[in-house]
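Everything on this sheet refers to the single structure shown next.
Where a number appears in this text, it was derived from the coordinates with a stated rule and is not lab data. Just so we're clear, the structure is a prediction, and the values are computed from it rather than from any experiment. Heads up, the Cβs are rebuilt from the backbone with ideal geometry, glycines too, and the neighbour counts pull from every protein chain shown.
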Amino acid sequence: MSENETTGPTSDTGAPGTQRDTAEASAAPPDTTGEPIETRPDEGDGGNAGDGEAAERVRQALRSVTDPELGINIVDLGLVYDIEVEAGSARVTMTLTSPGCPAGGQIMTGAKTAAESVEGIDEATVNLVWKPFWTPERIDPKIRAMMGF
């Protein structure tokens with residue numbers, strides 16, 4: 001186990017043994033200060049860290065994962081907050097439209113499978129976060145316009 005990995009839930013500071021607002025705590029989140037993640041997939045460096053080219057390929061693969069209730073892919077919905085790729089390992093930080101999303105497991109499994117389908121990615125971890133909370137404003141503006149928002 002690497003020094004960043006834990007065997008159980010972690011706190012906002014990453015300390016083992018306390019709960020953090022994530023569904024999977026196999027590695028420290030991109031922001032361990034407890035502050036909301038402000039990265040938008042379509043801003044700055046695209047929310048990609050590490051190997052930017054590989055992260056962009058992962059982002060494209062994640063477009064194949066759709067929210068079954070809305071029929072829109074998770075990237076355009078603004079559910080993917082960050083993608084980090086390093087040494088054949090990808091970490092996708094994402095959220096769901098709500099904590100009670102009935103398709104949450106299906107979406108997260110789809111995200112992991114899609115990321116691992118990318119050439120050069122041997123392993124993917126999906127880190128589910130609730131901060132910042134998803135709102136319709138995170139939807140790609142073109143998709144929002146098609147939806148009438």
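Put simply, when 64-73, 90-99 are sorted by average Cβ atoms within 10 angstrom per residue, most first, you get 90-99, 64-73. When Rg and the Kirkwood Rh are both derived from Cα coordinates, the Rg/Rh ratio for the stretch 48-147 amounts to 0.95.
When you restrict to C-alpha pairs under 8 Å that are six or more residues apart and normalise by the size of the stretch 48-147, the relative contact order lands at 30 percent. The modelled label-to-label distance between Arg63 and Trp130, using points 7 Å beyond Cα along the C-beta direction, is 3.2 nm. Projected label points at Ala145 and Ala87, each 7 Å from Cα along the beta carbon direction, are separated by 4.5 nanometres. Here the translational diffusion coefficient of the stretch 61-101 follows from Stokes-Einstein with Rh set to the Kirkwood radius across Cα pairs; for 25 °C and 0.890 mPa s it amounts to 222 µm²/s. Over all other residues within a Cβ to Cβ distance under 11 Å of Ile107, the charged ones net out to -1, with Lys and Arg as +1 and Asp and Glu as -1.
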